[in-house]
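Beneath this line is the structure, given in structure tokens, with notes to follow.
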Amino acid sequence: MTDEEGKVTDFNDKYLDMWKIPREVLEGGMAGDVRELASRNFADPQRFFARIAEIAATGQESFDLLELKDGRIFERYSKVLFVDGRRIGRVWSFRDVTQRYGARPS
């Protein structure tokens, strides 16, 4: 989860395993630092950053299929959180669907 100021407010161990990001980075709370490390998993990191900016600007739910340079494929969903009609953040969820698509990690 991220808040409207770009801070990571919650995460789980599965996320750490999927993205190979040190726990300390997530506990530091800055989504930008997390995204920087995650971007290294892509052949085109700038495309990854551009899509996140697009998602944040829409204020809507999103779905993407992410193809990592090591051959893994993740589904990424996001949903905006509202409390009393006010946006307070976004929930991001990721699922490794590599086997479903027949890809093989290198």
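The values are calculated or read from the model by the stated rules, or taken from the named source; none is laboratory data. On a predicted model such as this, the values are computed, not experimentally measured, just so you know. Neighbour counts run over all protein chains shown; Cβ positions are idealised from the backbone, glycine included.
Looking at the structure I just gave you, is Ile52 among the aliphatic types (A, V, I, L, M) and assigned to a loop (DSSP other than H, G, I, E, B)?
no
Among the numbered criteria (1) loosely packed, with under 15 Cβ neighbours inside 10 Å; (2) farther than 25 Å from Gln99 by Cα, which single criterion is violated by Gly71?
(2)
Among what's in segment 24-36 and is of a type in the set (D, E, K, R) and surrounded by 11 or more Cβ atoms within 10 Å (Cβ to Cβ), pick the residue that is farthest from Lys69 (Cα to Cα).
Of everything passing the filter in segment 24-36, Asp33 is farthest from Lys69 (Cα to Cα).
State the number of residues belonging to segment 82-106 that are touching a Gly at 6+ places or on another chain (Cβ under 8 Å) and either assigned to a strand (DSSP E or B) or among the aromatic types (Phe, Trp, Tyr) (or both).
1
Yes/no matrix, rows are residues, columns are (1) closer than 21 Å to Lys14 by Cβ; (2) polar (S, T, N, Q); (3) in a strand (DSSP E or B):
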site	(1), (2), (3)
Phe42	yes, no, no
Arg47	no, no, no
Asp70	yes, no, no
Tyr77	yes, no, yes
Val80	no, no, yes
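Just for segment 87-106: of the residues that are exposed (fewer than 15 other Cβ atoms within 10 Å of the Cβ) and polar (S, T, N, Q), which one is modelled with the lowest pLDDT?
Going through the qualifying residues, I end up with Ser106.
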